[in-house]
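See structure below.
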Amino acid sequence: GLAHEIKNPLTPIQLTVQQMRDKYAGKDEDYQKLLDNCTEIVTEEVESLRGLVQEFADFARMPQLALTTQNLNNVITDTIKLYSERRIELDLESDLPDLRLDLEGMRRVLINLVENAIDAAGEKGNIVVQTLRHNGRVRLSIIDEGPGVDQVDRERIFEPYISDKQDGTGLGLAMVRSIIQEHGGSITVSDNPAGGARFDIKLPISEA
Ligand SMILES: Nc1ncnc2c1ncn2[C@@H]1O[C@H](COP(=O)(O)OP(=O)(O)OP(=O)(O)O)[C@@H](O)[C@H]1O
Ligand SMILES: [Mg+2]
């Protein structure tokens, strides 16, 4: 695909510049320094371009869910293990019906929402991950005590490239929403009454 077409020339670019540096046998110290600096810059920029292309490729990937029967609570406890050093409260419905889920996709959803919650709530702020059976669907909520999301931003934060973070791609929530929609579900954001944001995902219960 396009990502490969962009990535392919990157390695030759990097290697060629490194060769130019390594093959210089002259005595000009300033020129040697210039070569070192330029090589470093090209190497760094090539690296970041490679990462960027990967991010776009991941985001633009064709929807292809690998649906398997899963217990959402297990997916959550499993994924939250990544955050052993951060307290995250789990409030999980005990008799949740099994769902047809794409495991990798669902893990990405959880990781993106928890990362956002941690960014918003800071080191100490409370974060809750909750599941509930609700009107014939399963509701998954991620609730934080950060600054919350202004009414006017509640649609646009799901659009690609909307970010107020220094190193944010703004692709996290866009990816989350498209994965959830591929599952036949929906996602909304509202206020946490205790202050902060709550993201609610609703997933269909399918007989399978
Ligand atoms: N829990 C939250 N509380 C407050 N604002 C949020 C929360 N989650 C997301 N946002 C807002 O929505 C924006 C978009 O989030 P999104 O995950 O798409 O991108 P990002 O987090 O900025 O970048 P990245 O996911 O690449 O780190 C964030 O920059 C932030 O302004
Ligand atoms: Mg994010």
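Computed quantities for the displayed model
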| read-out | value |
| --- | --- |
| Cleavage-rule hits, trypsin sites (Lys or Arg not before Pro), region 128-177, DSSP coil, Cβ neighbours within 10 Å at most 16 | 154, 165 |
| Of the chymotrypsin sites (Phe, Trp or Tyr not before Pro) in region 1-69, those whose Cβ has at most 16 other Cβ within 10 Å and which sit in DSSP loop | 24 |
| From phi via Karplus (6.51, -1.76, 1.60), per-residue ³J(HN,Hα) for region 167-174 in Hz, x at Gly/Pro | 10, x, 7, x, 9, x, 5, 4 |
| Two-decimal log10 I(q)/I(0) for the chain, as the Debye equation yields it once each C-alpha is a single scatterer, q = 0.11, 0.15, 0.16 Å⁻¹ | -0.64, -0.97, -1.06 |
| For region 136-208 and region 6-76, distance of Cα centres in Å | 30 Å |
| Mean residue ellipticity (222 nm) of the chain, computed from DSSP H runs ≥ 4 via -39,500 (n - 2.57), nearest 500 | -14000 deg cm²/dmol |
| On Cα atoms only, tilt of 29-59 relative to the major axis of the chain in degrees | 30 degrees |
| Region 80-195 - percent relative contact order, Cα under 8 Å, separation 6 or more | 24 percent |
| Chymotrypsin sites (Phe, Trp or Tyr not before Pro) restricted to DSSP loop in region 143-208 with at most 10 other C-beta within 10 Å | 161 |
| FRET efficiency, residue 29 to residue 84 (Cβ-Cβ, R0 45 Å, nearest 0.05) | 0.35 |
| Anisotropy class of region 59-120 from Cα gyration tensor, a/c 1.5 cut | oblate |
| Calculated diffusion of region 1-71, Stokes-Einstein form, Kirkwood radius summed over Cα pairs, 25 °C and 0.890 mPa s, µm²/s | 165 µm²/s |
| Rounded to whole Hz, the Karplus (6.51, -1.76, 1.60) HN-Hα couplings of region 103-112, x for glycine and proline | 4, 5, x, 5, 5, 4, 4, 4, 4, 4 |
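Here, each number is a calculation from the coordinates, and none is a lab measurement. These figures come from a predicted structure and were not determined experimentally. Here Cβ is always computed from backbone atoms with ideal geometry, including for glycine, and neighbour counts include all displayed protein chains.
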